[in-house]
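The structure appears right after this line, and notes come after that.
A short reminder: the numbers here are calculations on the coordinates, not readings from a lab. Everything numeric here is computed off the predicted structure, so don't read it as measured data. Neighbour counts run over all protein chains shown; Cβ positions are idealised from the backbone, glycine included.
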Amino acid sequence: MIGDYTRRSFLDGLLGVATLGWIGSVLYPVLSYLKPPPPPVRSGPVRLSPSATERIEREAFTIVSAAGKRILVFRDGDRNLRALDARCTHEGCTVQYVPKESVVWCACHNARFDEQGRVISGPPPRPLGRYIVKKDGAGNVFVHQESA
Ligand code: FES
């Protein structure tokens, strides 16, 4: 009698835990789907440090960090300043500017982008994100996100 009661209690408890687990496994993805995504991080213009600005003049490009992103800032073939997301859209490697070829290159899988960030060759599925670059009269360089 006591053995039956114990076995029945154990089975009832096991059934209760399994039911709760099943309900949780159904509700969690539904609630996760319904929860709105966080708003994109927007930040104001970022001023490049004097050393980063000098590096652009010396090596034609530099990579700066802003709002948790890596940004490639470079002087294109026409000597205009440009800025692109430095994170390759394939698997996230950091790209670099190749001034002799006027292309942005990702060494991980040999991808190439043009100076506007469009894919020329390689596996990346999307172009690189673009930023706006401005230089003030004092020679300070500012980078900020292109408005959508
Ligand atoms: S990560 Fe850039 S091409 Fe693969």
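Below is a table of values for the structure above.
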| quantity | calculated |
| --- | --- |
| Neighbour-count ranking [beta-carbon atoms within 10 angstrom, fewest first] of Tyr97, Tyr28 | Tyr28, Tyr97 |
| Using alpha-carbon coordinates, inclination of helix 2-34 to the longest axis of the chain, degrees | 30 degrees |
| Exposed-loop-free span, longest in the chain, where trypsin sites (Lys or Arg not before Pro) count as exposed if DSSP calls them loop and at most 15 other C-beta atoms lie within 10 Å | 1-41 |
| The chain: proportion of alpha-carbon pairs further apart than 27 angstrom, % | 44 percent |
| Computed E for Arg79/Ser51 - FRET, C-beta separation, R0 22 angstrom, nearest 0.05 | 0.60 |
| Cut-off 12 Å, label 7 Å out along Cα→Cβ of Arg58, residues of segment 111-137 by amide N | none |
| Nearest-ten-degree value, helix 50-59 long axis tilted from longest Cα axis of the chain | 70 degrees |
| Exposure proxy order (Cβ contacts within 10 Å, fewest to most) of Val95, Val73 | Val73, Val95 |
| Fewest-first sequence of Leu31, Leu81 by Cβ atoms within 10 Å of each Cβ | Leu31, Leu81 |
| Length added when fully stretched, Ala67-Ala18, from 0.36 nm per residue minus Cα-Cα | 13.2 nm |
| Cα pair distances exceeding 13 angstrom across segment 37-105, given as percent | 66 percent |
| Amide hydrogen neighbours beyond the local backbone of Val103, cut-off 5 Å, H modeled | Val98 |
| All aspartates and glutamates inside 20 Å of Lys100 as judged from Cα atoms, apart from same-chain residues fewer than 8 positions distant | Glu54, Glu57, Glu59, Asp76, Asp78, Asp114, Glu115 |
